[in-house]
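J.: Dropping the structure in here first, questions after.
The values are calculated or read from the model by the stated rules, or taken from the named source; none is laboratory data. Please read these numbers as outputs of a predicted model, since none were measured by experiment. As a convention, Cβ positions derive from the backbone with ideal geometry for all residues, glycine included, and neighbour counts pool all protein chains shown. The accessibility values were calculated without ligands, DNA or RNA, using every heavy atom of the protein model including side chains. Shrake-Rupley method; radii C 1.70, N 1.55, O 1.52, S 1.80 Å.
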Amino acid sequence: MRLVIALLLGLAGALPAGCARDNEAAPQGNEVAAASPAKAVTPVTGRLDRSHAGTPAPTFTFQDENGQPTSMAAFRGKPTLVNLWATWCAPCIVEMPSLDALAAREGDALNVVALSQDLNGRELVTRFFGQRDFQHLEANLDPEMRFMTEMRLDTLPTTILYDAQGREVWRMRGMAEWESDRIARLLDEAEAG
């Protein structure tokens, strides 16, 4: 199964502003990628994809910040932005402070769910969060990478916006500047749906 995932995700290597999972190059043991937002290059806005608009959010479970099972159903009632990322993905790490700032700005109007696709357990993700000063993001974990595999995603970061009823509005493949005016306009689409 890992070989299939690696092959699927390896196809994304040529895409801008994103990571493809590669078992040989990706630190998945005790390493945490050492990208610093202070050294970040100006973020490149990812590729917007509306081809899945209206699709219901997946029903499978993942782990919340406390390691307890949860699902997208727990976030229904207001728009939800799900950011799929990993500790080994430099563009993911670069955009995380922008996501945290977005969560602060939107407050209760928008759920911002950072969902790690790391395979080697909660400790790695918890340590990553402990090394950063995120005030509004929580360390959710998809230890089986079900979002990536079952939704046939090949790029990290990938961020998906769901409306309050749990229907997909759009997805962004690659890194984005989440505090930009363009993103603010795109987020408004969840309210219009």
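J.: Starting from residues that are open to solvent by 70 Å² or more (accessible area, probe 1.4 Å) and either within 15 Å of the chain's Cα centre (by Cα) or farther than 20 Å from Ala74 by Cα (or both), keep the ones in region 106-126 and report whichever is modelled with the lowest pLDDT.
T.: The qualifying residue modelled with the lowest pLDDT is Asn120.
J.: So, one more: Which condition does Gln68 not pass, out of (1) open to solvent by 30 Å² or more (accessible area, probe 1.4 Å); (2) closer than 21 Å to Met175 by Cβ; (3) of a type in the set (S, T, N, Q), if it passes all the others?
T.: Unmet for Gln68, out of (1) open to solvent by 30 Å² or more (accessible area, probe 1.4 Å); (2) closer than 21 Å to Met175 by Cβ; (3) of a type in the set (S, T, N, Q): (2).
Each row is one residue, and each column tells you yes or no for (1) over 25 Å from Ser180 (Cα atoms); (2) open to solvent by 40 Å² or more (accessible area, probe 1.4 Å); (3) not acidic (Asp, Glu).
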| position | (1), (2), (3) |
| --- | --- |
| Cys92 | no, no, yes |
| Ala104 | no, yes, yes |
| Phe128 | yes, no, yes |
| Glu138 | no, yes, no |
| Pro157 | no, no, yes |
| Tyr162 | no, no, yes |
| Gly166 | no, no, yes |
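J.: Quick check on this structure: which one of Thr70, Thr87 is within 21 Å of Trp178 (Cα to Cα) and in contact (Cβ under 8 Å) with a residue 12 or more places away in the chain?
T.: Being within 21 Å of Trp178 (Cα to Cα) and in contact (Cβ under 8 Å) with a residue 12 or more places away in the chain holds for just one of Thr70, Thr87, which is Thr87.
J.: If you don't mind, there's one more thing I want to ask. Identify, by number, the condition in (1) out of contact with any strand residue (DSSP E or B) (no Cβ under 7 Å at 6 or more places or on another chain); (2) more than 18 Å from Pro91 (Cβ to Cβ); (3) open to solvent by less than 40 Å² (accessible area, probe 1.4 Å) that Met175 doesn't meet.
T.: Answer for Met175: the failing condition is (2).
J.: Ok, one more. Go through region 141-155 residue by residue and tally those that are among the β-branched types (Val, Ile, Thr) and either free of Cβ contacts under 8 Å to residues at least 12 places away in the same chain or crowded, with 19+ Cβ neighbours inside 10 Å (or both).
T.: Looking only at that region, the number is 1.
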